[in-house]
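The values are calculated or read from the model by the stated rules, or taken from the named source; none is laboratory data. Small disclaimer: the values here were computed from a predicted structure and weren't measured. Glycine gets a Cβ as well: all are built from the backbone with ideal geometry, and neighbour counts include every protein chain shown.
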Amino acid sequence: MNSHDVSGQGWPSTHRDVRRRTPGMCVGAVALAFAALTLAGCGSGGVASQSPPDQHSSIPAGTAAPSIAGQTLLDDIPPGRAIPEGGGGPNSYTFREEWRQARAAAQASWRSGAYLVSASGDYVNDDGEPNYWTLAFIDSPGADAVLVVEIDPWGKVTSTREVTGVGVSSFGGQYSGRVPYAIIDSDTAVRLGKAALASQYDLDKTKDPRLGLNFDLVDGSGPFWTYTLFNEPTAAYVSAHVNALTGVVSPLS
């Protein structure tokens, strides 16, 4: 099987049902358990075994992405999709809105030039919402530190943690890659990834849906959305890899 070698952080699995979450949930510490799943993924082969927001901007997406040098404003990332909660609860949001809020927090409280290099979420539903997102920010290639930001589905940053020293290398070699603004949103990534896996696996016999956003470690291509499921008949994780800029799914093998 051909495969992409995609950089990935080990985000924690908390086994909380994203469809029954409540605002103000506790968020666990970052771990490295998911790294092997993502690293086993991407490449020319698409399947690998192995509190409500305070405020959200409604600024419309622009017609063209700004230059990399200008990635300092909140409104350069296209807004995510708002998803109303049942029973009159607060809206939750797809990834791009979460990214907007998390980056604003990183630039305000950490380093003004912070930009996104990867993201991950567990137990993602069909709307592209995990139980929470974990995003990694740096401020330059070969950075001396990483800021890990956790944000809940309502756009509230719940924790931040700076990683320095030898811990920086745990986040892989993705530092040369800055996630561009024009990526497809998480709901589209889930739809495409799930459809690809459904062509080869019985989804009724899968569980633990996860979604990661990373660059290829080998050639720096991407970024790729990696949609991962645990396939019970084979007791292995399987992944579909979606080009985050074009929406093209890597051929399944």
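Against the definition (surrounded by 19 or more Cβ atoms within 10 Å (Cβ to Cβ) and either closer than 23 Å to P233 by Cβ or more than 15 Å from the chain's Cα centre (by Cα) (or both)), how does T160 come out, yes or no?
no
Which residues, counting only those in region 184-213, are touching a His at 6+ places or on another chain (Cβ under 9 Å) and crowded, with 17+ Cβ neighbours inside 10 Å?
Within region 184-213, the subset touching a His at 6+ places or on another chain (Cβ under 9 Å) is 193, 196, 208.
Those that are touching a His at 6+ places or on another chain (Cβ under 9 Å) and crowded, with 17+ Cβ neighbours inside 10 Å: G193, A196.
Looking only at region 80-124, count how many residues are farther than 23 Å from G177 by Cβ and part of a loop (DSSP other than H, G, I, E, B).
7
For region 143-150, check the following and say yes or no: at least one residue is in a loop (DSSP other than H, G, I, E, B) and farther than 19 Å from G212 by Cβ.
Looking through region 143-150, at least one residue is in a loop (DSSP other than H, G, I, E, B) and farther than 19 Å from G212 by Cβ.
Being crowded, with 24+ Cβ neighbours inside 10 Å and more than 26 Å from R191 (Cβ to Cβ) is the filter here, so list the residues in region 117-145 that pass it.
Answer for region 117-145, where residues must be crowded, with 24+ Cβ neighbours inside 10 Å and more than 26 Å from R191 (Cβ to Cβ): F137, I138.
Looking at (1) modelled with pLDDT under 95; (2) within 12 Å of W133 (Cα to Cα), which is the only condition G87 fails?
Condition (2) is where G87 drops out.
Residues that are part of a strand (DSSP E or B) and over 16 Å from the mean Cα position of the chain (by Cα): does region 196-214 have at least one?
Initial filter on region 196-214 (part of a strand (DSSP E or B)): 206-214.
Next, only the ones that are over 16 Å from the mean Cα position of the chain (by Cα) stay: 206-207.
Yes: region 196-214 contains one or more residues that are part of a strand (DSSP E or B) and over 16 Å from the mean Cα position of the chain (by Cα).
Can you pull out every residue in region 151-171 that is farther than 19 Å from A104 by Cα and in a strand (DSSP E or B)?
T164
Taking the conditions exactly as written (surrounded by 24 or more Cβ atoms within 10 Å (Cβ to Cβ), over 15 Å from Y115 (Cβ atoms) and either modelled with pLDDT under 95 or not small (G, A, S) (or both)), does F224 satisfy them or not?
So F224 passes the test.
Can you tell me which of (1) under 22 Å from R81 (Cβ atoms); (2) part of a strand (DSSP E or B); (3) aromatic (F, W, Y) is the one Y181 doesn't meet?
Just one mismatch for Y181, condition (2).
With the requirement that a residue be under 18 Å from Y123 (Cα atoms) and over 16 Å from the mean Cα position of the chain (by Cα), what does region 215-237 give you?
If the condition is that a residue be under 18 Å from Y123 (Cα atoms) and over 16 Å from the mean Cα position of the chain (by Cα), then F230, N231, E232, A235, A236, Y237 are the ones that fit.
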